[in-house]
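Since the structure comes first, as structure tokens, the remarks are kept for the end.
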Amino acid sequence: MYSRWIKRLLDIIGGLTGLVLSTPLLLIVGILNRIFMGRPILFRQQRPGINGQSFTCLKFRTMTNKRDENNQLLSDRERMVPLGTFLRRTSLDELPQFWNIVRGDLSFIGPRPLLKEYLPYYTPQEQRRHALRPGLTGWAQIHGRNNLPFDERLKMDVWYVDHLSWHLDLRILLATIRLVFTSRGTDLVSYLPLHEQRRLESKLPNVQAGHEQNHRQAIAE
């Protein structure tokens, strides 16, 4: 009953309350973004939601659109501005996601929505993270956030799906509030995106097999 009805009702009430209470902050951050980063104020990106269905995830921009001489975007670190760093550390960049919660794209608690490009690279077990609405925060976020390797993060997402309850959600919510004030796990990370990691891993057996075959041929010769 909680997962089917009560959780969604709490999301609607909490999302609407969050939008109303954060209106002054939304306006201030929007104006600062316009001054320091220009247009657009919001970052919009398609992310897979419940059952893998795409939705437009909203955030305040934290980076500029600076490009190099070949018109290629610079690295994330080169495009990050002090305002963007502050928004990430305080999680203020995610305030527009209250609207995603009201719309039903997100829940307050659930597996974080990752990139669409990752979908073909999930194992059948990892695909189960899409059995629920993605969340503004989740079990993996209170255990390391961006500092967690993808494999660990996905395991925790599936664990949450299997253990969903009101007291687990309350525990995650309280832990998230503490984390917001410590800024843990908000730094930019330099590991490869999941789809590139999995592509590389899929090639390793073939590379290793080739090395072993060359080694056997060398011994035979």
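Observations on the model:
- Number of positions in region 1-24 that are in contact (Cβ under 8 Å) with a residue 40 or more places away in the chain and not acidic (Asp, Glu): 13
- Single residue of 162, 105 found to be touching a Cys at 6+ places or on another chain (Cβ under 8 Å) and either in contact (Cβ under 8 Å) with a residue 60 or more places away in the chain or acidic (Asp, Glu) (or both): 105
- Criterion (surrounded by fewer than 18 Cβ atoms within 10 Å (Cβ to Cβ) and farther than 19 Å from residue 181 by Cβ) met by exactly one of 77, 61: 77
- Any chance residue 157 is under 12 Å from the mean Cα position of the chain (by Cα), assigned by TED's automatic domain parsing to the domain that holds residue 47, within 22 Å of residue 53 (Cβ to Cβ) and acidic (Asp, Glu): yes
- Residue count, region 36-49 (criterion: more than 13 Å from residue 114 (Cα to Cα) and assigned to a loop (DSSP other than H, G, I, E, B)): 4
- Among residues of region 25-50 that are on the phi > 0 side of the Ramachandran plot, none has a Cβ under 6 angstrom from a residue that is surrounded by 12 or more Cβ atoms within 10 Å (Cβ to Cβ) and not β-branched (Val, Ile, Thr) at a sequence gap of 6+ or on a separate chain.
- Among residues of region 124-145, those that are assigned to a helix (DSSP H, G or I), in contact (Cβ under 8 Å) with a residue 60 or more places away in the chain and either basic (Lys, Arg) or in contact with a Ser or Thr (Cβ under 6 Å, 6 or more places away or on another chain) (or both), counted: 0
- Applying the criterion of being on the phi < 0 side of the Ramachandran plot and either over 15 Å from the mean Cα position of the chain (by Cα) or assigned to a helix (DSSP H, G or I) (or both) to the residues of region 103-121, the residue that is surrounded by the fewest Cβ atoms within 10 Å (Cβ to Cβ) is 120.
- Members of region 50-102 found to be among the small types (Gly, Ala, Ser) and assigned to a loop (DSSP other than H, G, I, E, B), listed by number: 75, 91
The values are calculated or read from the model by the stated rules, or taken from the named source; none is laboratory data. The structure displayed is predicted, hence computed values, not measured ones. Every residue, glycine among them, receives a Cβ derived from its backbone with ideal geometry; neighbour counts consider all protein chains shown.
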